[in-house]
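Note sheet for the following structure.
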Amino acid sequence: MSKSERTVARRTLHYYWKEAKTQWRYHLPILFVMPAAIFLNTYATSWIMSDVINRLTENPPAADQVFTVFGLHLALYAAAIIIGELVFWRLVLFLCWKGEALALFNLRKQCFDRLSEQSMHFHNNKFGGSLVNQVSRFVGSYERMVDSMVWQVIPLVSSLSFALLILGFKLPLFALILGTLSALFMIVAWFSFKKVRVLNEREAAASTKLTGQLADSITNISAVKSFAQEKHELKLFVKRSSTLQNASLGLMRSILLRDFGFGSILVLLAIVMFVFLIGGNAWLGVPIGTLFLAVTYTMNIWGQLWQSNRILRDINRAFGDAHEMTEIMDEPTIVQDKIDARDLIINKGQVEFRDITFWHHDASSKDKVFSHLNLAVPSGQRVGLVGRSGSGKTTLTKLLLRFADVQDGEILIDNQAISDTTQSSLRHAIAYVPQEPLLFHRTIRENIAYGKTNASEEEIRAAAAKANALEFIESLPEGLDTLTGERGVKLSGGQRQRIAIARAILKNAPILVLDEATSALDTESERLIQGALYNLMQGRTTIVIAHRLSTVAGLDRILVLDDGKIIEDDTHANLIRQNGKYASLWNKQTGLANDTDS
């Protein structure tokens, strides 16, 4: 196992131990109650029975003396079973379930918090289905580890301790042989543990990739069908599935080889036990009851040692399943709030990009998107951003939302550097409508109210009406209670976009960012919603990205970006008169360009 893999395993234990410590009031008592239950249920009762057998073989009592002779034994036996089974075992079950339930809740929350804190760069490079799978595996691995400790490790250690201690007084030589063989078993198990853990991690990684590919194919099933690529996707799936199968078979071979070694030691232990059973009385004069005790304890140890095979398998699997999520938990967040970050306070809504330089996280500093860019947007001004694809329009708005941070310079809102404010307060101040509507698989009501989760029914309907969405919503059988489907697939592109615009209207933020917000609308819907958008823009600082120049023609100011630079900056009328890049784009879209231009 590589150093990196050992480090990840240690980090997994760090997260699990940290959570286990928070539930100490439930876990700590188990360390005492569980051994007590095992002693009473298995070892105390067997000890009592061995004394009874010795008495019966040496000097059996008369019929009328049975309860007189064995009354104390009966009372002790009954007390051991009642306390061990009905009290201690039930208490262990309660403590384990309660502690696990609280810990799993906290771990799920930690994973969700960690994923939600990660940057858009992180999420753009991950499969959503894989992340869901990794969270489930990480949380399930904690449960598996705790169960292994409570129901396997503690019983194994307790059983060995009690058996060797009791037999050490009664049969020292047999106890020595039993302890030696048990120690040999543990040594073999430990050395096999490391190799199998690596194979478990490979199997888990292959499973995660298969899940991600499956989720990607299913999520984009319309594209698969429209391009008739079912066989291509099946080929990809079979390839991933084959990788998982090979990893599983490699793990299986290693486990079978390990189990052969385990079985050999346990077979030797069983043979030694049987030889002692048949010859102990004749050769050493060991009483029958004591032989019964030795056999009972040995069989219990035999079972516990064989269970340790499962312990190692479960722990190995837990480490393998948790591996990828542990790496994510350790992965630094690219965009972070400063320790002393304060809430953004909006007075006017003035936005300024001051001498900013930016390149993408996974790119070289030579591949700058912006280099010493300056832009000021006064309070309440409506600004349009136009230019060819890749000119930096969308990147500019994402920097404003702090989906990424600039490498140099600063972005200010009302003279407050957004890097000094909390991301939450920043994004509360901005209503963002992206080019691709982001809808949850929830009701239309919930999707609109996402802009204001405590909105009243009247506010939701009013926002839908302003976005020209209420009419089509009311035509649906379930109206606002209609489920939109995953990513809004049950609605048309224009309907999804109007729901997203209604959400922005309801949010009523002082700064508005529209990234091709009408791109998915047909001409009629665009015409109907333009008025609502212009009303929404009034009194708000607005940045509009548009491919259709008619969308920005009526704005206060238009910026033309090219290769990360602002090459033109003026009103629509003035830009047309200047006959530059904007005028050329306008003429092409309105059909005024001459043949040479086109």
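Could you pull out the residue among CYS96, CYS111 that is within 26 Å of ILE218 (Cα to Cα) and in contact with a helix residue (DSSP H, G or I) (Cβ under 8 Å, 6 or more places away or on another chain)? Result of the check over CYS96, CYS111: CYS111.
Any residue in the range 290-310 that is open to solvent by 40 Å² or more (accessible area, probe 1.4 Å), among the basic types (Lys, Arg), within 28 Å of LEU178 (Cβ to Cβ) and out of contact with any Pro (no Cβ under 9 Å at 6 or more places or on another chain)? Within the range 290-310 (the criterion being open to solvent by 40 Å² or more (accessible area, probe 1.4 Å), among the basic types (Lys, Arg), within 28 Å of LEU178 (Cβ to Cβ) and out of contact with any Pro (no Cβ under 9 Å at 6 or more places or on another chain)), the answer is yes, since at least one residue qualifies. All of ALA247, ALA282, ALA228, ALA270 fail the test of being closer than 30 Å to GLN134 by Cβ and of a type in the set (A, V, I, L, M, F, W, C), apart from ALA247. Within the range 258-285, the residues that satisfy the criterion of being within 18 Å of GLY303 (Cβ to Cβ) and either free of Cβ contacts under 8 Å to residues at least 12 places away in the same chain or touching a Gly at 6+ places or on another chain (Cβ under 6 Å) (or both) are GLY263, SER264, VAL267, ILE271, PHE274. Restricting attention to the range 332-354, does a residue exist that is free of Cβ contacts under 8 Å to residues at least 60 places away in the same chain and either in contact with a His (Cβ under 9 Å, 6 or more places away or on another chain) or open to solvent by less than 10 Å² (accessible area, probe 1.4 Å) (or both)? Looking for residues that are free of Cβ contacts under 8 Å to residues at least 60 places away in the same chain and either in contact with a His (Cβ under 9 Å, 6 or more places away or on another chain) or open to solvent by less than 10 Å² (accessible area, probe 1.4 Å) (or both), one finds at least one in the range 332-354, hence yes. The set of residues from the range 458-475 being without any contact (Cβ under 8 Å) to a residue 12 or more places away in the chain and farther than 22 Å from ARG527 by Cβ comprises just one member, GLU458. If I filter the range 201-212 for residues that are surrounded by 14 or more Cβ atoms within 10 Å (Cβ to Cβ), free of Cβ contacts under 8 Å to residues at least 24 places away in the same chain and out of contact with any strand residue (DSSP E or B) (no Cβ under 7 Å at 6 or more places or on another chain), do I get at least one hit? No, that holds for no residue. Among the residues of the range 55-67, is any within 30 Å of VAL198 (Cβ to Cβ), of a type in the set (D, E, K, R) and open to solvent by 30 Å² or more (accessible area, probe 1.4 Å)? Taking every residue of the range 55-67 in turn, none turns out to be within 30 Å of VAL198 (Cβ to Cβ), of a type in the set (D, E, K, R) and open to solvent by 30 Å² or more (accessible area, probe 1.4 Å).
Against the conditions (1) at pLDDT 90 or above; (2) of a type outside the set (Phe, Trp, Tyr); (3) open to solvent by less than 70 Å² (accessible area, probe 1.4 Å), LEU28 satisfies every one except (3).
Count of the range 101-114 residues, restricted to those that are of a type in the set (D, E, K, R) and either surrounded by 19 or more Cβ atoms within 10 Å (Cβ to Cβ) or in contact (Cβ under 8 Å) with a residue 12 or more places away in the chain (or both), is 2.
Entry remark, the range 402-421: residues being open to solvent by 50 Å² or more (accessible area, probe 1.4 Å), of a type in the set (S, T, N, Q) and under 34 Å from the mean Cα position of the chain (by Cα) number 1 in total.
Residues in the range 136-153 that are more than 26 Å from the chain's Cα centre (by Cα) and open to solvent by 20 Å² or more (accessible area, probe 1.4 Å): TRP151, VAL153.
On the given criteria, is THR243 part of a helix (DSSP H, G or I), hydroxyl-bearing (Ser, Thr, Tyr), within 27 Å of ALA322 (Cβ to Cβ) and modelled with pLDDT under 80? Taking the combined requirement at face value, the residue does not satisfy it.
Scanning the range 60-100 for residues that are β-branched (Val, Ile, Thr) and touching a Ser or Thr at 6+ places or on another chain (Cβ under 9 Å) gives a single hit, ILE81. Scanning the range 428-460 for residues that are of a type outside the set (Val, Ile, Thr), within 27 Å of the chain's Cα centre (by Cα) and under 26 Å from ILE418 (Cβ atoms) turns up HIS428, TYR432, PRO434, GLU436, PRO437, LEU438, TYR450, GLY451, LYS452. When the range 495-525 is filtered for residues that are at pLDDT below 85 and either open to solvent by less than 10 Å² (accessible area, probe 1.4 Å) or among the hydroxyl-bearing types (Ser, Thr, Tyr) (or both), the ones remaining, listed by number, are GLN497, ALA517, THR518, SER519, LEU521, THR523, SER525.
Counting only helices (runs of 4 or more DSSP H) that sit completely within the range 1-115, those holding 2 or more residues that are more than 30 Å from THR333 (Cα to Cα) correspond to 24-38, 45-58, 66-81.
Checked against (1) of a type outside the set (Val, Ile, Thr); (2) within 30 Å of ALA36 (Cβ to Cβ); (3) open to solvent by less than 50 Å² (accessible area, probe 1.4 Å), LYS98 meets all criteria but (3). Set side by side, the residues LEU385, LEU399, LEU375 differ, and just one is part of a helix (DSSP H, G or I) and surrounded by 19 or more Cβ atoms within 10 Å (Cβ to Cβ), which is LEU399.
Set side by side, the residues ASN200, ASN220 differ, and just one is at pLDDT below 80 and touching a Lys or Arg at 6+ places or on another chain (Cβ under 6 Å), which is ASN200. For the range 442-476, the candidate set comprises residues that are among the polar types (S, T, N, Q) and not in a helix (DSSP H, G or I); within that set, the residue that is least open to solvent (accessible area, probe 1.4 Å) is THR443.
Among the residues of the range 235-256, those that are of a type in the set (A, V, I, L, M) and surrounded by 13 or more Cβ atoms within 10 Å (Cβ to Cβ) comprise LEU236, LEU244, ALA247, LEU251, ILE255. Within the bounds of the range 116-132, is there any residue that is open to solvent by 50 Å² or more (accessible area, probe 1.4 Å), within 30 Å of MET34 (Cβ to Cβ) and assigned to a helix (DSSP H, G or I)? No, the range 116-132 contains no residue that is open to solvent by 50 Å² or more (accessible area, probe 1.4 Å), within 30 Å of MET34 (Cβ to Cβ) and assigned to a helix (DSSP H, G or I).
The values are calculated or read from the model by the stated rules, or taken from the named source; none is laboratory data. In this text, all values refer to a predicted model and were calculated from it rather than measured experimentally. When we count neighbours, we look across all protein chains shown, and the Cβ atoms used for this are built from the backbone with ideal geometry, even at glycine. Protein only, heavy atoms only, side chains kept; ligands, DNA and RNA dropped before computing areas. Shrake-Rupley method; radii C 1.70, N 1.55, O 1.52, S 1.80 Å.
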